[in-house]
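Asker: I am attaching a structure below and will ask some questions about it afterwards.
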Amino acid sequence: MDPPGFSHPPADDGDCNFEFVSDSSNFSDRPLRIEIVAGSPEGMPDGKGDSEWDRHRKRRREAIEKLKDEQEGEAVAMIEGSPSGDEPSRHSGSSWSMDSPPVIRIKSLSVSSTILSAKSPFFYKLFSNGMQESGQQHATLRIDASEEAALMELLSFMYSGKLTTTSPTLLLDVLMVADKFEVVSCMRHCCQLLKSLPMSQESALLYLELPSSISMASALQPLTEAAKEFLVNSFKDLTKNQDGLMELPLVGMEVVLSSDDVQVASEDAVYDLVLKWARRHHPKLEERQEVFGTRLGQLIRFPYMSSRKLRKVLTHNDMDQEFANKAVLEALFFKAEPAHRRQALAMDDVNNRRFVERAYKYRPVKVVEFELPSTQCIVYMDLKREECAHLFPSGRVYSQAFYIGGQGFFLSAHCNREVQSSCHCFGLFLGMQEKGSVSFTVDYEFSARTMPSGQFDSKYKGKYTFTGGKAVGYRNLFAIPWTSFMADDSLYFINDVLHLRAELTINDTFSAAAAAQ
């Protein structure tokens, strides 16, 4: 039963301004007693302490030093734990044990129970059920000294809809106190203000690591999304600033690895970076396997790793063997799927996006290898229409390395200009990686799927003796100008994808000679 004249709180209206009511006996109907203790409250009846906060205190303290703004005289309020407020009676003086921290100061305010209750379910319960059960004429809150400034800001906001501070440190404290006392409108306001402030790596990580309730998570979403975007942009090119990447905590690595837009040579390189990070931050094998199995391993896109690297995954013990086997098997099945099926899997993979391709510097390829009757491999490389369009007028794109006879090769697609006609055209080349002075004589054939049959049609055949760094190919693979190749009615784009195939064969005599060397 509610107190006389008390009604259930209406929906929070952020446009209402009741600043004139604040701490005024003329417009207030309840005294609010605020007991301020020297340390974080302990001995809570339900055993909920501040351990969750403690895990964040060290990082919070370091970040606060870097988040200080021009208001140097403003006190830094560290976040400490205190009761959640789910049961208002916990905040009455009689509910605390003899072991609770001593009260160092008491504040008494005149408040409007109607206004505070309208803004917060916590205060609604406090002023209705809590006061009735305790028989008190005043409501009592007990807070840590570090929360005092934030609570005063919160109470002021509940009347005025405004905050008097722009300090990021105090705004964070107000955000935490608003979460504890269930003032969702203030939480959103704090997040909007924090989002408008300049972002740094330290602040972005701090926002992502804040412990949060369900309501906090909802209010924090715009801020955490901005923090994620900042981190991804900071580490967009994974080939640069690898030292900085290695310093990121787990939550930062997860954000970077979750992005489709990070630029990296290949998923093989992603795997190597993650392995290096895990070994550095988790030297104990058991911890490393746990992190891979439950967190980081879910973000590595194994289907886009080379078969050569997948074999190495199975030999490393950094991952639990069962997890590694499952990841590699799933990757191999994905590689074996036809293109339309791979696209469908990528579209369905909304959560961890392990089937979605990143912005790789080197295009993934699918390789089929044969040892008999001769050493041979068939390489498939797909290029999207927009990727081909970006090659104009003189661009090129390289494939991931693939191996035949123990030697690395790659494909490269070019937009060339023919000397005689001055027309641009599409070219395809086969190159050998620079490794030693070994020579390979290779029979090669370039093919492409064509409409309407959808079958691979041979476009160019040749034989070439490779040494390190050499490449061979055809400057105008389709014997048509670039405009015809890229036209809407082009025969070579099937569902806006160009499907290329290179077949390589090495004579057994050369294979034996290479193996002997």
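The values are calculated or read from the model by the stated rules, or taken from the named source; none is laboratory data. Fair warning: this is a prediction, and the values are worked out from it, not measured in the lab. Please note: Cβ atoms are built from the backbone with ideal geometry, for glycine as well, and neighbour counts cover all protein chains shown. These accessible areas exclude ligands, DNA and RNA; they are computed on the full protein's heavy atoms, side chains included. Shrake-Rupley method; radii C 1.70, N 1.55, O 1.52, S 1.80 Å.
Asker: Using a 1.4 Å probe on the protein heavy atoms only, what accessible surface does Cys191 show? Give it in Å² to the nearest 10.
Answerer: Counting only protein heavy atoms, Cys191 exposes about 10 Å² to solvent.
Asker: Can you give the relative contact order of segment 212-329 as a percent, counting alpha carbon pairs under 8 Å and 6+ residues apart? Provide the component values of the computation, followed by the final result.
Answerer: Working: 80 pairs, mean separation 25.3, N = 118.
Reported as a whole number, the value is 21 percent.
Asker: Order 402-412, 479-489, 322-332 from most to least packed using the mean count of other Cβ atoms within 10 Å. Walk me through the numbers on the way to the answer.
Answerer: Working: 402-412: 19.9, 479-489: 14.7, 322-332: 16.4.
In descending order of packing, they fall as 402-412, 322-332, 479-489.
Asker: Please give the net charge around Ala389, taking every other residue with its beta carbon less than 14 angstrom from that of Ala389, where Lys and Arg add +1 and Asp and Glu add -1. Can you show the working numbers first?
Answerer: On the way: positive: Lys384, Arg385, Arg396; negative: Glu386, Glu387, Asp488, Asp496.
After counting each charged neighbour, the total is -1.
Asker: Between segment 448-478 and segment 314-330, how far is it from one alpha carbon centroid to the other, in angstrom?
Answerer: The two parts, judged by their Cα centres, are 36 Å apart.
Asker: Additional query: Under unit Cβ charges (Lys, Arg +1; Asp, Glu -1), what dipole magnitude, rounded to 20 debye, does segment 150-255 have relative to its Cα centre? Present the calculation step by step, with values, prior to reporting the outcome.
Answerer: Numbers: 7 positive and 12 negative charges, 68 e Å.
Here the size comes out at about 320 debye.
Asker: Using alpha carbon centroids, what distance separates segment 213-246 and segment 183-204, in Å?
Answerer: Using only Cα atoms to place each centre, the spacing works out to 14 Å.
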